[in-house]
Amino acid sequence: MTSDHSGGRPDGQASAALDAVRASWRQVVPVPGIPPAEVVQLTSLRQLGAVRRHVRAFLTTSLQADGVVAEDEVDEVVERSILVIDELASNALRHGAQPASLDLREAGDHWVVVATDSARDVLPTPAVDRPAGQGGYGLYVIADLTSAHGVEIDHDRKRVWALLAKHRRPPS
C-alpha cells in the first residue's frame, strides 16, 4: 500500500483497493460445490497449533501427489496457504459461535478452504482505520493471498471460504 504525506493514510489508488476488499466481504458468494476431503473440528484457540500441523501435512501430501516435490516450492505454497487457513480458523473461533469446523477441499490446481460456524448474523468485517499494530487485518490478507473468497449463509450456519492456488505466485 502506498501512502501520501498526510499521516500515512493510503493514496487514492490504495484506498480504492481497500474499499474493494471491504465490499467483497459484504457479498454473499456460495462455497464452490466440491466435497470436503478433510474436516477438522475447531474447539479453541489453543487447538490452532495442532490444526496448523494437520493442515500442513494435508497440503504437503496433496502437492506431492500432484507431482510437486521441490522442497522450496512446497514450503512456499504451504506457508502462504497456512496464513490464510489460520486466519479463517481463528476468525471462526474469535468471532463465530460453536460448533465450528474447518474443511479442506481439492479442486484441481486449487484448494477450497471453508471455515464454518454458527454465528450466521456475524459477517466478516475488515478493519477500517485501525492502527497497524492493533491487528484486525486478516481479511485483507485472505483477499490478497487467494484466487477468490466469499461468505455463504445457510439456515443456521455461516461459511467463510477461500480458494488457494496449489502453485507459486508469479513475482510481482
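The values are calculated or read from the model by the stated rules, or taken from the named source; none is laboratory data. Predicted model only: the values in this text are computed from it and were never measured. Ideal geometry is used to build each Cβ from the backbone, glycine not excepted, and the neighbour counts take in all protein chains shown.
Annotations for the structure displayed:
- Considering the conditions (1) under 18 Å from the mean Cα position of the chain (by Cα); (2) within 21 Å of D154 (Cα to Cα), P99 is excluded by exactly one of them, (1).
- Breaking point among (1) out of contact with any His (no Cβ under 8 Å at 6 or more places or on another chain); (2) farther than 16 Å from Y140 by Cβ, for V122: (1)
- Failed item in (1) in contact with a strand residue (DSSP E or B) (Cβ under 8 Å, 6 or more places away or on another chain); (2) under 16 Å from V160 (Cβ atoms), with D86 passing the rest: (1)
- One residue stands out in the stretch 72-103 among those that are of a type in the set (V, I, T) and touching a residue at least 24 places away in the same chain (Cβ under 8 Å): the one that is surrounded by the fewest Cβ atoms within 10 Å (Cβ to Cβ), namely I82.
- Within the stretch 121-130, tally of residues that are over 13 Å from the mean Cα position of the chain (by Cα) and either of a type in the set (A, V, I, L, M) or crowded, with 16+ Cβ neighbours inside 10 Å (or both): 4
- Among residues of the stretch 104-120 being charged (D, E, K, R) and farther than 14 Å from D156 by Cβ, the one that is surrounded by the fewest Cβ atoms within 10 Å (Cβ to Cβ) is D109.
- Screening D66 against (1) out of contact with any helix residue (DSSP H, G or I) (no Cβ under 9 Å at 6 or more places or on another chain); (2) modelled with pLDDT of 95 or more leaves a single unmet condition, (2).
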